[in-house]
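As structure tokens, the structure follows; a few thoughts come after it.
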Amino acid sequence: AGLWTVFTLGGVGSKPTPQLEQCSPLANQSLLLLLVLANLTDAPDTPNPYRQAIMSFKNTQDTTAFSSSNPHAFQINFNSLYTALCEQQKCDQATLLLYMLLHQNSNVRTYVLARTDIENLV
């Protein structure tokens with residue numbers, strides 16, 4: 001029964017939890033997929049490209065030059081990411097993503113620590 005509940009996102013006919021009502025099911029599943037892919041173990045000869053991308057992405061508003069030496073590097077608007085993470089902190093998946101970003105991406109960590117409205121996140 002527990003496995004079926006996982007597959008049906010709360011079970012058919014059951015009352016949805018407030019957590020699932022606030023999070024979009026597609027966004028929720030996409031975030032879970034991202035977390036699984038980023039936490040796969042590295043192969044002996046090739047590192048995990050998803051983890052490398054999570055560890056190295058930069059802010060689009062950063063004034064320093066964007067180096068394309070890393071094939072997995074990309075840019076994202078940190079202000080939009082921060083706002084989305086603040087709004088979704090009731091979802092466990094969003095909290096886990098924030099934890100992973102703060103520990104593995106120094107650019108995100110520096111940005112969050114420089115924010116003056118950190119209480120929105122906490």
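The values are calculated or read from the model by the stated rules, or taken from the named source; none is laboratory data. If you're wondering where the values come from, they're calculated on a predicted model, not measured in any experiment. FYI the Cβ positions are ideal-geometry reconstructions off the backbone, even for glycines, and counts take in every protein chain you see. Only protein heavy atoms, including side chains, enter the accessible area calculation; ligands, DNA and RNA are left aside. Shrake-Rupley method; radii C 1.70, N 1.55, O 1.52, S 1.80 Å.
For this structure, a couple of remarks:
- Sequence of F74, F57 when ordered by accessible area, the most exposed leading, probe 1.4 angstrom: F74, F57
- Taking Lys and Arg as +1 and Asp and Glu as -1, the other residues whose beta-carbon sits under 15 Å from that of N120 total -1.
- Q75-L113 FRET efficiency (beta carbon distance; Förster radius 25 Å; 0.05 resolution): 0.80
- Extension gain, H103 to Q29, is 24.4 nm, computed as 0.36 nm per intervening residue step minus the present C-alpha separation.
- Efficiency of FRET between Q61 and L37 - r from beta-carbon atoms, R0 30 angstrom, step 0.05: 0.70
- D92, D117, D62, reordered so the largest accessible area comes first (probe 1.4 Å): D92, D62, D117
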